[in-house]
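**Q** Encoded as structure tokens, here's the structure I'll be asking about.
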């Protein structure tokens, strides 16, 4: 055994330590709860100079998987981490990786697949990978997360397949435990060994083609070779487990059991619930019942023979699934256990329960109830465990109709913001003063869970104050969505729909087109409706493709982006709108790193390239300008095509400043020209506010000094970074001024 030290860590933290010790070359990633901490911890190590891992923050999980694939084809050792819908978004990339036989490792902190949206842990994501051609190791302890990460790379490179290390999100991923790790990195690297490339991609004297087009019979031959590789992995795993056991003192098997040798009734489950189930088994043994528990450390290749041996004495089995294969009358684990018994001649009576969805806690008493369920001859072969009866309104309240009075046209058509055309055909706004729009009923109720000082509700209310017509909101995932719609309550007085980051604009375009069709056919009343997509928290990174496609098609709707400069809803990781040099949980500041390494994205001018009729920026520090632009955006959205409006949105928690001063911080962002106020109407740029011409322009560092996330850039050590940001801000601002002067 090699020397080891004790580490008190969570599953995500220990995974990062294993990744650092292995010495990977590259990580392509996108932050998604609850796997994000892996990238956060690795970035912190990188900032301190503890690893030279190349970390590429993609704009979405699909691209992250592509980054990893490209790097693995190039011969690099590659790591990724994801969860839930992120895994599903990248799903089509995973058979590409296995089908072309390029090894890598991916950690999956298992989480509920939406919708409805839930960030808690169950197994509905990992089961989508069963047919992707990746071996899957499933860790039920923090210790196993560390050990399996090391074993996984060795397995991947010996059978030339990508490998998953899965574990329970928010249970194993976040709960800290004492575990052991090797004291020296070289021990890990010696176990893994040097990487060998049978066909180096960069051998220009012997060029290779990867990913050829195939028809039959080649494709079936390819799949057969993949099948053989999985067979090879099945035979290799016991040897790797034994070799690692000799090195660490911890030897694993494909299947692990507790008091199962003589058990007449057996509980089969995977993940962190296994440790809890053992306590329930102990209690049942005290009452004279021969109970036991079994878990799988390997999901693929499925350990059929080992599982059959572990269950050989059982008369009754209860298979507990933290996931359902809807319409198959059982989750995937129970279906495979039943198939195993049929193939191996098992005699046990099997029943299955779906439990623990959405991270619902599992206790020892639940394990005992499950075994009682299996013993009851009247209980169905399959059911759900832990379902509770709800009420129509939630929290036991009696239904009392709508929470809010309807927003009729009589209440909203207050005549404060009437849009007309001038002689050039451009939209003009009459009214729109703060006093005039104060009478507008709010579409967003006062009750929401936003942090004090959050700019999202401020910006939403400013937006909606200027729109007299009925509004329908679609929110992409983000803080704005999470804090306003915790079931069974809602903060919205208007129709509301949610879809994921990557598809919000497309979803709204479908909704809008159906509405227009129904109005045309007389199925809905005539009248203008403003369709508004609300995006932020990095939603215009992963969702940019959808937004651009919607704009290019020209659907009549309004895209509203609250720009808070980061993935705030997942704990503030860098987004493409984060300022260069800013500190975030994936752009740490240290001896080897100064924060985010590239400039913020200029989304308004990207949208302008699509040729839509109206693009504008706004800020709460200039409320009259905000209201006027919102009215114009709504006008174009209902009459001509897609409009885009972007607002600078404060986030005191992650900007690391004071909620009471956010209006001043936003104003400084405008006055330093980091966030210039302008509009592009029918291809013509107009400056709305030019602080350099009114003597109000300030250096970018004055704004940076107001926020803890960027204050370090004002010191001498990072002077060069601050100066580069100032030059880029000036370049963009002057480019806008030239465009305005030339009516471009």
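The values are calculated or read from the model by the stated rules, or taken from the named source; none is laboratory data. On a predicted model such as this, the values are computed, not experimentally measured, just so you know. Cβ: placed from backbone, ideal geometry, glycine included. Neighbour counts: every protein chain shown.
**Q** Looking for something in contact with a strand residue (DSSP E or B) (Cβ under 7 Å, 6 or more places away or on another chain) and crowded, with 17+ Cβ neighbours inside 10 Å - is there at least one such residue anywhere in the stretch 358-365? I'd like the intermediate steps shown before the answer.
**A** As a first pass, look at the stretch 358-365 and keep what is in contact with a strand residue (DSSP E or B) (Cβ under 7 Å, 6 or more places away or on another chain): none.
No, every residue in the stretch 358-365 fails to be in contact with a strand residue (DSSP E or B) (Cβ under 7 Å, 6 or more places away or on another chain) and crowded, with 17+ Cβ neighbours inside 10 Å.
**Q** Considering 146, 167, which residue is touching a residue at least 12 places away in the same chain (Cβ under 8 Å), part of a helix (DSSP H, G or I) and surrounded by 20 or more Cβ atoms within 10 Å (Cβ to Cβ)? Even if it seems obvious, please write down each step before you answer.
**A** On the way: 167 fails: part of a helix (DSSP H, G or I).
Exactly one of 146, 167 is touching a residue at least 12 places away in the same chain (Cβ under 8 Å), part of a helix (DSSP H, G or I) and surrounded by 20 or more Cβ atoms within 10 Å (Cβ to Cβ), namely 146.
**Q** Still on this structure: Considering only the stretch 171-200, state which residues are surrounded by fewer than 23 Cβ atoms within 10 Å (Cβ to Cβ), out of contact with any strand residue (DSSP E or B) (no Cβ under 8 Å at 6 or more places or on another chain) and in contact (Cβ under 8 Å) with a residue 60 or more places away in the chain.
**A** 174, 175, 184, 185, 187, 189, 192, 195, 197, 200, listed by residue number.
**Q** Any chance the stretch 612-625 includes a residue that's touching a helix residue (DSSP H, G or I) at 6+ places or on another chain (Cβ under 6 Å), in the same structural domain as residue 567 (by TED's automatic domain parsing), more than 29 Å from residue 508 (Cβ to Cβ) and touching a residue at least 24 places away in the same chain (Cβ under 8 Å)?
**A** Within the stretch 612-625, not a single residue is touching a helix residue (DSSP H, G or I) at 6+ places or on another chain (Cβ under 6 Å), in the same structural domain as residue 567 (by TED's automatic domain parsing), more than 29 Å from residue 508 (Cβ to Cβ) and touching a residue at least 24 places away in the same chain (Cβ under 8 Å).
**Q** While we're here: Evaluate the following for residue 543: is it closer than 23 Å to residue 117 by Cβ and free of Cβ contacts under 8 Å to residues at least 12 places away in the same chain?
**A** No, not satisfied.
**Q** Another question, if that's okay. Could you check the stretch 639-736 for helices (runs of 4 or more DSSP H) lying wholly inside it with 2 or more residues that are on the phi < 0 side of the Ramachandran plot, at pLDDT 95 or above and touching a strand residue (DSSP E or B) at 6+ places or on another chain (Cβ under 9 Å)? Walk me through how you get there before you give the answer.
**A** Numbers: elements: 652-655, 662-671, 700-704.
Qualifying helices (runs of 4 or more DSSP H): 662-671.
**Q** For residues that are assigned to a loop (DSSP other than H, G, I, E, B) and touching a residue at least 24 places away in the same chain (Cβ under 8 Å), scanning just the stretch 416-426, find the one that is surrounded by the fewest Cβ atoms within 10 Å (Cβ to Cβ).
**A** Here is the first cut: in the stretch 416-426, the ones assigned to a loop (DSSP other than H, G, I, E, B) are 416, 422-426.
Filter once more, keeping what is touching a residue at least 24 places away in the same chain (Cβ under 8 Å): 416, 425-426.
On the way: 416: 23, 425: 8, 426: 16.
Looking at the filtered set, the residue picked out is 425.
**Q** Looking at 566, 527, 554, which is the one that is surrounded by fewer than 18 Cβ atoms within 10 Å (Cβ to Cβ), more than 23 Å from residue 611 (Cα to Cα) and touching a residue at least 60 places away in the same chain (Cβ under 8 Å)?
**A** Numbers: 566 fails: surrounded by fewer than 18 Cβ atoms within 10 Å (Cβ to Cβ); 554 fails: more than 23 Å from residue 611 (Cα to Cα).
Testing whether each residue is surrounded by fewer than 18 Cβ atoms within 10 Å (Cβ to Cβ), more than 23 Å from residue 611 (Cα to Cα) and touching a residue at least 60 places away in the same chain (Cβ under 8 Å) leaves just 527.
**Q** Follow-up question, since we're still on this one. Checking residue 281 against (1) part of a loop (DSSP other than H, G, I, E, B); (2) closer than 18 Å to residue 365 by Cα; (3) over 32 Å from the mean Cα position of the chain (by Cα), which single condition isn't satisfied?
**A** Condition not satisfied by residue 281: (1).
**Q** Give the stretch 317-347 a look and list any residue that's assigned to a helix (DSSP H, G or I) and touching a strand residue (DSSP E or B) at 6+ places or on another chain (Cβ under 8 Å), or say none.
**A** Quick first cut of the stretch 317-347, residues assigned to a helix (DSSP H, G or I) only: 332-344.
Once the filter is applied, which keeps residues that are assigned to a helix (DSSP H, G or I) and touching a strand residue (DSSP E or B) at 6+ places or on another chain (Cβ under 8 Å), the stretch 317-347 yields 332, 333, 334, 337, 338, 341.
Okay, residues lined up against (1) part of a loop (DSSP other than H, G, I, E, B); (2) at negative phi:
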{"site": "133", "(1), (2)": "yes, no"}
{"site": "151", "(1), (2)": "no, yes"}
{"site": "156", "(1), (2)": "no, yes"}
{"site": "175", "(1), (2)": "yes, yes"}
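**Q** Next question. Considering only the stretch 371-380, state which residues are out of contact with any helix residue (DSSP H, G or I) (no Cβ under 8 Å at 6 or more places or on another chain) and within 18 Å of residue 334 (Cβ to Cβ).
**A** Filtering the stretch 371-380 for residues out of contact with any helix residue (DSSP H, G or I) (no Cβ under 8 Å at 6 or more places or on another chain) gives 372-378, 380.
Within the stretch 371-380, 372, 373, 374, 375, 376, 380 qualify.
**Q** Can you find a residue that is farther than 24 Å from residue 18 by Cβ and surrounded by fewer than 19 Cβ atoms within 10 Å (Cβ to Cβ) anywhere in the stretch 234-248?
**A** Within the stretch 234-248, the subset farther than 24 Å from residue 18 by Cβ is 235.
If we keep only those that are surrounded by fewer than 19 Cβ atoms within 10 Å (Cβ to Cβ) too, we end up with 235.
Yes, the stretch 234-248 contains at least one residue that is farther than 24 Å from residue 18 by Cβ and surrounded by fewer than 19 Cβ atoms within 10 Å (Cβ to Cβ).
**Q** Tell me whether the stretch 427-435 contains one or more residues that are more than 24 Å from the chain's Cα centre (by Cα), without any contact (Cβ under 8 Å) to a residue 12 or more places away in the chain, at negative phi and assigned to a strand (DSSP E or B).
**A** Step one: list which residues in the stretch 427-435 are more than 24 Å from the chain's Cα centre (by Cα), which gives 427-435.
Okay, now just the ones that are also without any contact (Cβ under 8 Å) to a residue 12 or more places away in the chain, so 428, 435.
Then keep just the ones that are at negative phi; that gives 428, 435.
Then drop every residue that is not assigned to a strand (DSSP E or B), which leaves 428.
Within the stretch 427-435, one or more residues are more than 24 Å from the chain's Cα centre (by Cα), without any contact (Cβ under 8 Å) to a residue 12 or more places away in the chain, at negative phi and assigned to a strand (DSSP E or B).
**Q** Hey, residue 507 hits all of (1) out of contact with any strand residue (DSSP E or B) (no Cβ under 7 Å at 6 or more places or on another chain); (2) more than 21 Å from residue 605 (Cα to Cα) but one; which does it fall short on?
**A** The single condition residue 507 does not satisfy is (1).
**Q** Shifting gears a bit: Just need a number here: residues in the stretch 343-361 that are over 28 Å from the mean Cα position of the chain (by Cα) and farther than 20 Å from residue 327 by Cβ.
**A** Residues that pass the stated criteria total 7.
**Q** Further question on the same structure: Just the residues that are out of contact with any helix residue (DSSP H, G or I) (no Cβ under 8 Å at 6 or more places or on another chain) and under 20 Å from residue 534 (Cα atoms), please, taken from the stretch 508-523.
**A** 510, 511, 512, 513, 514, 515
**Q** From 455, 545, 478, 449, which residue is under 25 Å from residue 611 (Cβ atoms) and either assigned by TED's automatic domain parsing to the domain that holds residue 638 or within 18 Å of the chain's Cα centre (by Cα) (or both)? Quick ask: steps written out before the conclusion?
**A** Numbers: 455 fails: under 25 Å from residue 611 (Cβ atoms); 478 fails: under 25 Å from residue 611 (Cβ atoms); 449 fails: under 25 Å from residue 611 (Cβ atoms).
From the options 455, 545, 478, 449, the qualifying one is 545.
**Q** Do we find that residue 84 is buried (at least 24 other Cβ atoms within 10 Å of the Cβ), within 15 Å of the chain's Cα centre (by Cα), on the phi > 0 side of the Ramachandran plot and in contact (Cβ under 8 Å) with a residue 12 or more places away in the chain in this structure? Please lay out each step first, then the result.
**A** Details: buried (at least 24 other Cβ atoms within 10 Å of the Cβ): yes; within 15 Å of the chain's Cα centre (by Cα): yes; on the phi > 0 side of the Ramachandran plot: yes; in contact (Cβ under 8 Å) with a residue 12 or more places away in the chain: yes.
So residue 84 passes the test.
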